[in-house]
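The values are calculated or read from the model by the stated rules, or taken from the named source; none is laboratory data. Quick caveat, the model's predicted, so the values are computed rather than measured. As a convention, Cβ positions derive from the backbone with ideal geometry for all residues, glycine included, and neighbour counts pool all protein chains shown. Just so you know, the surface numbers come from the protein's heavy atoms only, side chains and all, with ligands and any DNA or RNA stripped out. Shrake-Rupley method; radii C 1.70, N 1.55, O 1.52, S 1.80 Å.
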Amino acid sequence: MVNITMAIEKKSFIFLLAYVWLQSAACQPVQDTRTPIYIAGLFPLTGNSLIKDAHPPAAQLALNHINAREDILPGYKLFMIYNDSKCDPGVAMRAFVDQMVSPTVKQVIFISGCSILAEPVSQMSLHWNLLSVVVAQSPAFSNKKSYPYTFRNDIHDGAAAEPKVQLMREYGWKKVAILYELRPIFSLAMKNMEALLLEDGIEIIASETFQDAPERQVQRLKDIDARIIVASCYQEYARRIFCEAYKLKMYGSRYVWMLIGWYNEKWWEVEDTNCTIDELSNAVALYVSTQGYAFDRSNGITINQKNTLQTEWEYLNYIRNMGNLRALEDWPFTYDSIWAIGTIIMFC
C-alpha cells in the first residue's frame, strides 16, 4: 500500500513538473526571426526654435502598423534610431555622422522639420548613397540636381504665397511690403511671392532682408508707412520683429502682418527679446498665417487599412499619457513619411 501511494505521488509529481514546464514554455515570447532594417531619424525635440516632440510617436505608430502587416516587407522589421537635432545644423550634422559610423547600418535618413539643417544633412547623405525623406518646407528640395535622393513630404513655402495673394486680391490691397530672413528657405519662397504679386498688379513698396538683426528693417517699413507686410523668417526672429513693431506701434487694426504657419503654438511666449510676453501678445494679436493642411478628411481607406479619422484617434490614444506635445497639427506628415519609406524599401 505504501509502495502504491509512493508510485502515485511520484507520477503526480512528474505530471506537475511537466505541466509547469509546458506552461512556462507557453509563456515564453515567440522569437522574432525577421531581419531588422534601420532608419536614422532627426527630430527637433529641444532648443529655442521649432520643436516637434509630437512627431517621434507618430513615427513609432507608423512603424508599429507596418511591422504588424505580413504583406509589407515580409521577413523584415523596421526600426528607427533617432536623435534630437535641436533645429541646429551643427548638432544635426554631428548626430548624422555618428549614426553613419555606428555599427548599425542605416538604409534611410528621415528628417522632421527645420530646413536649415535638412538641406545640409540631405546633401551630406549623398556621400553614403543614402535616401533622405524630409518633412521640411524649403523650396530648394525641388532642385533634383542638388537633391537627387531627397524626397520632401510637405508643402514648400513657395506654395503658401498663393493664398496670401488671393487674400490681398479679395480685400483690394494694392501695396505690400516684404521682410524676410536671408536663408534659402525664405529667399526662394519670397521670389515666388514677388512674381505672383507683380503678376497680380500688386505693388511691392519695399523688399527688406536681414541676417541676424531685423530691427532696422522694421524701422524702414515704419518710415514708408507700410501697412500690409509679409514676413518670412524663423520664429525667434519673428519675436524680435514684433517686439520692434510693438515699440513703433505697428500693430492693431491698421496693420496686417502675414506670417508662416508652421511656428510652434504660442511661439511668442518666449522671453528672449526686450519686450514682455504681454507686449508681444498685443503685437501679434491680429497676424495672419498660411500653412498646408495635414489631414485628409475624405474619410477614404488608406494604405494602413484605416481612414484618417481612425488613424487620428489611434494616434491621440497612443500619446494620451505623454504630456503636452508640440506640433500636434502636422504629425501626419511624419506618419505618412514612415509609410512611404516602408513601401519604398519594399519595392527596391
Looking at the stretch 330-337, is at least one residue open to solvent by 60 Å² or more (accessible area, probe 1.4 Å), under 19 Å from the mean Cα position of the chain (by Cα) and hydrophobic (A, V, I, L, M, F, W, C)?
-> no
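With among the hydrophobic types (A, V, I, L, M, F, W, C) and either in contact with a Lys or Arg (Cβ under 7 Å, 6 or more places away or on another chain) or touching a residue at least 40 places away in the same chain (Cβ under 8 Å) (or both) as the only criterion, which of 204, 178 stands out? Steps first, answer last, please.
Details: 204 fails: either in contact with a Lys or Arg (Cβ under 7 Å, 6 or more places away or on another chain) or touching a residue at least 40 places away in the same chain (Cβ under 8 Å) (or both).
Going through 204, 178 in turn, just one is among the hydrophobic types (A, V, I, L, M, F, W, C) and either in contact with a Lys or Arg (Cβ under 7 Å, 6 or more places away or on another chain) or touching a residue at least 40 places away in the same chain (Cβ under 8 Å) (or both): 178.
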Scanning the stretch 37-69 residue by residue, those buried (at least 24 other Cβ atoms within 10 Å of the Cβ) and assigned to a helix (DSSP H, G or I) turn out to be 55, 58, 62
Of the residues in the stretch 147-192 that are among the hydrophobic types (A, V, I, L, M, F, W, C), open to solvent by 10 Å² or more (accessible area, probe 1.4 Å) and at pLDDT below 85, the one that is nearest to residue 294 (Cα to Cα) is 155
Considering only strands (runs of 3 or more DSSP E) wholly within the stretch 208-323, the ones with at least 1 residues that are surrounded by 14 or more Cβ atoms within 10 Å (Cβ to Cβ) and at pLDDT below 90 are 256-260, 288-290
Of the residues in the stretch 100-127, those that are assigned to a helix (DSSP H, G or I) and either surrounded by fewer than 19 Cβ atoms within 10 Å (Cβ to Cβ) or modelled with pLDDT under 90 (or both) come to 100, 101, 115, 116, 120, 123, 124, 126, 127
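Could you identify the single residue in 229, 260 that is of a type in the set (Val, Ile, Thr) and under 28 Å from residue 143 (Cα atoms)?
On the way: 229 fails: under 28 Å from residue 143 (Cα atoms).
Selected residue: 260, the only one of 229, 260 that is of a type in the set (Val, Ile, Thr) and under 28 Å from residue 143 (Cα atoms).
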Those residues of the stretch 128-140 which are modelled with pLDDT under 90 and closer than 18 Å to residue 43 by Cβ amount to 136, 137, 138
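Among the residues of the stretch 128-149, count how many are closer than 16 Å to residue 337 by Cβ and assigned to a loop (DSSP other than H, G, I, E, B).
Just the residues of the stretch 128-149 that are closer than 16 Å to residue 337 by Cβ, to begin with: 130-138, 141, 147, 149.
Keeping just the survivors that are assigned to a loop (DSSP other than H, G, I, E, B) gives 130, 136-138, 147, 149.
Final tally of qualifying residues: 6.
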Checked the stretch 125-158 for anything out of contact with any strand residue (DSSP E or B) (no Cβ under 9 Å at 6 or more places or on another chain) and of a type in the set (A, V, I, L, M, F, W, C); matches are 140, 155
